[in-house]
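Each reported figure results from applying straightforward, stated rules to the coordinates on display, with no laboratory input. Worth saying up front: this structure is predicted, and the values here are computed from it rather than measured. Cβ atoms come from the backbone with ideal geometry, glycine included; neighbour counts cover every protein chain shown.
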Amino acid sequence: MDLLERLNSHYGSSYQPRGTLTIKKDKLFEYTGPDTDLNTYWMGLHLANADLSLTIEGAQRLGITASENVLVIKKAEADRYYGGEDLEGHLGGGFTILKTRDLVVGPGLLEDGRVKNILPKSRKTRR
């Protein structure tokens with residue numbers, strides 16, 4: 001099973017890429033530009049890693065059709081998550097896609113009764 005099939009299976013998604021998928025050092029990239037040697041250059045949008053963790057962009061792409069490992073949170077929780085906080089009081093385990101009612105927030109890691117914030121520091125809002 002290739003990485004895209006594993007991601008679609010884990011998240012219950014039917015995501016189909018618009019461009020070429022490449023894997024470099026266990027990272028999945030989607031490239032939609034002109035023909036080039038993708039084995040030589042790091043190009044494209046980083047979507048996910050081999051451990052099934054998603055980037056924010058990967059969560060946006062897969063989250064549209066995802067039906068499994070999706071956690072719906074309140075807008076106030078989304079604001080706290082973007083601020084860098086972990087979210088307490090959520091059961092489950094493993095990588096998940098966080099959504100509000102209308103919006104894909106991003107990726108998270110459910111463990112020990114909380115959602116661990118896995119957003120890169122550069123993508124968090126400052127308070």
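Scan segment 12-32 and tell me whether some residue there is buried (at least 16 other Cβ atoms within 10 Å of the Cβ), part of a loop (DSSP other than H, G, I, E, B), aliphatic (A, V, I, L, M) and touching a strand residue (DSSP E or B) at 6+ places or on another chain (Cβ under 9 Å).
Scanning segment 12-32 turns up no residue that is buried (at least 16 other Cβ atoms within 10 Å of the Cβ), part of a loop (DSSP other than H, G, I, E, B), aliphatic (A, V, I, L, M) and touching a strand residue (DSSP E or B) at 6+ places or on another chain (Cβ under 9 Å).
Hey, Ile118 hits all of (1) without any contact (Cβ under 8 Å) to a residue 12 or more places away in the chain; (2) surrounded by 13 or more Cβ atoms within 10 Å (Cβ to Cβ); (3) assigned to a loop (DSSP other than H, G, I, E, B) but one; which does it fall short on?
(1)
Quick one: in segment 86-108, of everything that is out of contact with any helix residue (DSSP H, G or I) (no Cβ under 7 Å at 6 or more places or on another chain) and buried (at least 17 other Cβ atoms within 10 Å of the Cβ), which residue is farthest from Gln60 (Cα to Cα)? Quick ask: steps written out before the conclusion?
Initial filter on segment 86-108 (out of contact with any helix residue (DSSP H, G or I) (no Cβ under 7 Å at 6 or more places or on another chain)): 86, 88-96, 101-103, 108.
Retained after the next criterion (residues that are buried (at least 17 other Cβ atoms within 10 Å of the Cβ)): 90, 95-96, 108.
Numbers: His90: 21, Phe95: 14, Thr96: 12, Gly108: 13 Å.
Across segment 86-108, the extreme among qualifying residues is His90.
Tell me which residues, restricted to segment 57-77, are crowded, with 16+ Cβ neighbours inside 10 Å and in contact (Cβ under 8 Å) with a residue 24 or more places away in the chain.
Selection gives Gly58, Ala59, Gln60, Arg61, Leu62, Gly63, Ala66, Asn69, Val70, Leu71, Ile73.
Does any residue of segment 36-54 turn out to be within 23 Å of Asp112 (Cα to Cα), loosely packed, with under 14 Cβ neighbours inside 10 Å and in contact (Cβ under 8 Å) with a residue 40 or more places away in the chain?
Yes; the residues of segment 36-54 include at least one that is within 23 Å of Asp112 (Cα to Cα), loosely packed, with under 14 Cβ neighbours inside 10 Å and in contact (Cβ under 8 Å) with a residue 40 or more places away in the chain.
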